[in-house]
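Where a number appears in this text, it was derived from the coordinates with a stated rule and is not lab data. Computed from a prediction, not measured in an experiment: that's the story for all the values here. Note: ideal-geometry Cβ built from the backbone for every residue, glycine included; neighbour counts use all protein chains shown.
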Ligand SMILES: Nc1ncnc2c1ncn2[C@@H]1O[C@H](COP(=O)(O)OP(=O)(O)OP(=O)(O)O)[C@@H](O)[C@H]1O
Ligand SMILES: [Mg+2]
């Protein structure tokens, strides 16, 4: 991976016994376009503590996907550093420490839902027998059951609705066992009601297994409902306007979404999005 990432791993204090799940420091990313150089991300710092659920929220084009791709090691920053549990992204990827849950489910059509949920794990084991990270293997049937797919373990993806396929894709992310899950708008293709139920099921699953998650969404309610922290980004150039901690108690349910505390958090996120900068830093 890049020199920047290697430097990033080194930038983490080696005496720190528990490095951050995700530590992004001073990341800058430019793209060359026909109209010249475009600054997609400028001086982005982000810390996600292990076992925390953090959401990147902001308008279209503010750099959410670019930042997530840089964290995943799919894109290289021009400057700055990324460390994932103390490793550069390329090293973390080699150790199979990164789970990527895409916008569309990308399930294998000829395989059962159960097979799809475990497939990557089998592939990963074959590809890398030397993986060193300790992880508790999750039971695919149990995780699929928790996501309401217990009656569909032997079904093919084509027999499932869009929402069910997306839940199967999330199950696969959890079953694979990577401690870090990166999700780029996993519910964006779903209708509003399906999206709400998928959100509730993800919430339950995450509250059970407590992975470190970086999630991307356009929906402020979704961001607040799921997260420990909402990172508000603003565009041109893409930067972090501020972070809103979500102190709502866990475990959470849809009932909690009709409380003054929930709407207060929604208001704070929206305010930060409007003003773009809190002036607190
Ligand atoms: N490969 C690329 N080449 C040129 N410009 C790019 C490239 N990838 C992203 N960009 C630009 O960088 C900016 C950030 O893009 P990005 O996809 O990260 O935004 P986003 O916040 O994820 O948006 P959305 O909410 O619409 O998914 C956009 O203006 C986009 O046009
Ligand atoms: Mg995007």
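Pairs of Cα atoms under 8 Å, at least six residues apart: use those to get the relative contact order of region 194-270, whole percent. After rounding, I find 29 percent.
Stokes-Einstein D for region 22-276 at 20 °C, 1.002 mPa s, Kirkwood Rh over Cα pairs, in µm²/s? For the chosen part, D equals 114 µm²/s.
Normalising the average separation of contacting C-alpha pairs (under 8 angstrom, six or more residues apart) by the number of residues puts the relative contact order of region 128-281 at 18 percent.
Set the Förster radius R0 to 25 Å, insert the Cβ-Cβ distance between residue 155 and residue 255 as r into 1/(1 + (r/R0)^6), and round the FRET efficiency to 0.05. Given R0 = 25 Å and the Cβ-Cβ separation, E is 0.20. Calculated [222 nm] ellipticity per residue, helices only, for the chain: -11000 deg cm²/dmol; basis is -39500 (n - 2.57) per DSSP H run with n ≥ 4, divided by all residues, nearest 500. Counting only Cα atoms, the size of region 151-201 along its three principal axes is 29, 27, 16 Å, in decreasing order. In this simple spin-label model, placing a label point 7 Å from the Cα along the Cα-to-Cβ direction at both residue 264 and residue 115 gives a separation of 5.2 nm. Extension gain, residue 275-residue 76: 0.36 nm per intervening residue step, less the Cα-Cα distance, totals 68.7 nm. The smallest convex shape that holds all Cα atoms of region 60-106, its convex hull, gives 90 Å³ per residue. For region 142-270, what does the alpha-carbon gyration tensor say about shape, rounded, prolate or oblate, given a ≥ b ≥ c as the root eigenvalues, a/c under 1.5 as rounded, and a/b over b/c as prolate? Judged from the Cα gyration tensor, region 142-270 comes out prolate (a/c at least 1.5, a/b above b/c). Using a cutoff of 8 angstrom between alpha carbon atoms and counting only pairs six or more residues apart, the relative contact order for the chain works out to 24 percent.
Springs join every pair of Cα atoms under 10 Å in this Gaussian network model of the chain, and among 161, 83, 169 the largest mean-square fluctuation is at 161. Only bridges with both residues in the chain count here: give the DSSP antiparallel percent, nearest 5. Taking every DSSP beta bridge with both residues in the chain, the antiparallel ones total about 55 percent.
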